[in-house]
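Take a look at the structure below.
The values are calculated or read from the model by the stated rules, or taken from the named source; none is laboratory data. This is a predicted model, so every value here is computed, not measured. Every residue, glycine as well, gets a Cβ built from its backbone with ideal geometry; the counts of neighbours run over all protein chains shown. Ligands, DNA and RNA are stripped out before the accessible areas are found, and what is left, the full protein with its side chains, is counted by its heavy atoms. Shrake-Rupley method; radii C 1.70, N 1.55, O 1.52, S 1.80 Å.
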Amino acid sequence: MKPSRHFTAMAIKPRTVLTVIGARPQFIKAAVVSPVLRQSAREVLVHTGQHYDAALSGNFFHELKMPKPDYELAVGSASHAVQTARMLLALEPVMSREHPDVVVVYGDTNSTLAGALTAAQKGIPVAHVEAGLRSFNRAMPEEINRVMTDHLAARLYCPTPSAVANLAREGITRGVRLTGDVMDVAVRMMVRDADVPGRYQVRPGGYAVATVHRQENTDDRTRLAAILQGLGSLPWPVLLPLHPRTRRRMAEWGLAAGDAVRLLDPLGYGDMLSLAGAAGAVLTDSGGLQREACALGVPTYVLRDETEWVELVQEGRAVLVGAQAERIRSAVTAGTARPRVESLDRDPVGLMVADLVQE
Ligand code: UD1
């Protein structure tokens, strides 16, 4: 049967997908998803401006060859409530103007929650990438953002089986898909430069890379001091690229890290992966770096008391060391993490995009 003209016109009209990003890890994920999405949908890219420093924002767009955002909301830094409120105010007119069929949000930042809430209040379906993750620690702003976003979302793309189970426990089963982790794809796509350790005067396997940026660590003097002490007690030189907030707190509290710890400015994504991939160990409180280091087969130590990436800990690829100097030193020195490179048995980006372009 020949399709009616009306049907043909409907079928060829691409869906409008509005993507909200704002912080460093979201640029990385969108850089992987957007090119595929744009083959079959019209994407409107909105940057809230949560991260605005060149080292955290502009450089990433350049390095990841990302399209320029269609909207830059420039909300900047503020308390969680004020920052989120500014985003809501700025996002509403954008969504009214663009009439998206679906709004995509990534992860667990304030930009994620603001994107989801604005869309849900306007009756626009929300798609959440990295749905279902739980640390079960409501003191973390990210945990609140995750829970709220999942309860607002119509399409929930889960990176792990435990994420699917977490949603089911909260009564969410509709629209849930186990896609796998987009970060796994990003790590595999990025070409790593073997010369990077040499540029930092370290030998492959003979150094550690660390990052500390979570509010629970940076805004607690005892925890931050203990982490720095732990890093300083490792048998290797430690490269510590600093989030601007961590640098400010260390100055404010007069905290130093010892001679073996080298403080660096935030790194680009390629350099970070190259350094992490050749390191003897990675120590981090970042959700992204935790998974990247594990995907690269590097022993990974998590500077937190719990993680939402439970599979990595259950499999022994990552070890929770919290913020205690002696625990950090002994776990890393004894090499308690058991790295393993896994093959990717799913196509997270393909699965997500196929779902997004469907009514
Ligand atoms: C945010 C996310 C966190 C994510 C991280 C990725 C929330 C609640 N947290 O944390 O989940 O892991 O991004 O990096 O959304 N600052 C700058 N320059 C910038 C941006 C921030 O100096 O470009 C400083 C400001 O002092 C700001 C502080 O960092 O107040 C915190 O920034 P914010 O975006 O609120 O949270 P992050 O710690 O970056």
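Tabulated data for the structure shown
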read-out: Any chance residue 212 is farther than 21 Å from residue 142 by Cβ and under 18 Å from the mean Cα position of the chain (by Cα); value: no
read-out: Residue 297 being in a loop (DSSP other than H, G, I, E, B), open to solvent by less than 50 Å² (accessible area, probe 1.4 Å) and in the same structural domain as residue 243 (by TED's automatic domain parsing); value: yes
read-out: Enumeration of residues in the range 97-116 that are among the small types (Gly, Ala, Ser) and not in a loop (DSSP other than H, G, I, E, B); value: 111, 114, 115, 116
read-out: The range 154-184, residues that are open to solvent by 30 Å² or more (accessible area, probe 1.4 Å) and at positive phi; value: 171
read-out: Members of the range 237-265 that are of a type outside the set (Lys, Arg), open to solvent by 70 Å² or more (accessible area, probe 1.4 Å) and not in a loop (DSSP other than H, G, I, E, B); value: 251, 252, 263
read-out: Test: residue in the range 279-291 that is within 22 Å of residue 139 (Cβ to Cβ) and acidic (Asp, Glu); value: yes
read-out: Tally of residues being open to solvent by 70 Å² or more (accessible area, probe 1.4 Å) and either under 21 Å from residue 129 (Cβ atoms) or not charged (D, E, K, R) (or both) across the range 80-92; value: 3
read-out: Conditions (1) within 13 Å of the ligand (Cβ to nearest atom); (2) of a type outside the set (A, V, I, L, M); (3) in a helix (DSSP H, G or I); number of the one not met by residue 51; value: (3)
read-out: Odd one out for residue 151 among (1) open to solvent by 10 Å² or more (accessible area, probe 1.4 Å); (2) touching a His at 6+ places or on another chain (Cβ under 6 Å); value: (2)
read-out: Count of residues meeting criterion [open to solvent by less than 20 Å² (accessible area, probe 1.4 Å) and under 18 Å from residue 270 (Cβ atoms)] in the range 21-30; value: 5
read-out: Residues within the range 311-333 that are farther than 23 Å from residue 225 by Cβ and among the aliphatic types (A, V, I, L, M), tallied; value: 3
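Let's see how each residue does on (1) more than 15 Å from the ligand (Cβ to nearest atom); (2) open to solvent by 20 Å² or more (accessible area, probe 1.4 Å); (3) farther than 30 Å from residue 267 by Cα:
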| position | (1), (2), (3) |
| --- | --- |
| 56 | no, no, no |
| 64 | no, yes, no |
| 75 | no, no, no |
| 78 | no, yes, no |
| 94 | yes, no, yes |
| 98 | yes, yes, yes |
| 102 | yes, no, yes |
| 107 | no, no, no |
| 123 | yes, yes, yes |
